[in-house]
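I have placed the structure first, in the form of structure tokens, so that the comments after it can refer back to it.
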Amino acid sequence: MDYHTLYLHMQMKHEINIIKGINYSVETEEEVLVDIKIDQGWKLVVYNDDHNTFDHVIGCLVSTCGHEPLQAEQCAMIIHFKGRCIVKSGSFDKLEPMCTSLLEADITSAVEP
């Protein structure tokens with residue numbers, strides 16, 4: 001399994017009752033180091049837009065994601081009518097370069113858990 005490390009900045013506010021019913025408000029801030037397990041549960045999602053043609057989207061899915069033309073055409077139809085389509089699933093490390101390539105081709109996409 002691959003792991004990615006993230007820093008999370010957390011702000012918390014606590015109400016505490018310390019002495020004789022007097023409430024004190026305490027605010028804390030901390031940075032937390034978190035390791036996130038990166039596994040096969042990630043999805044490459046392509047979103048609909050108003051400027052890309054079907055042929056452009058199909059061509060990018062074939063060249064970038066390794067789809068067969070018919071599969072890419074079906075994904076393009078789902079994207080058009082449903083607004084989005086999961087075009088690939090796998091590890092984050094595998095999908096992130098594909099997403100970058102699609103974004104460089106002006107196709108709105110994201111890698112999502």
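Any read-out appearing in this document is the output of simple, stated calculations on the displayed coordinates, not a laboratory observation. Everything numeric here is computed off the predicted structure, so don't read it as measured data.
Brief remarks on what is shown
- Amide H contacts of LYS88 (H built 1.01 Å from N, under 5 Å, at least 5 apart or other chain): LEU44
- Derived scalar couplings between HN and Hα for the stretch 53-69 equal 7, 4, 4, 5, 5, 4, x, 5, 5, 5, 6, 8, 9, x, 6, 6, x Hz in order, rounded to whole Hz, by the Karplus curve 6.51 cos²θ - 1.76 cosθ + 1.60 (θ = phi - 60°), x for Gly and Pro.
- For THR108, distant residues with modelled amide H under 5 Å away: TYR47
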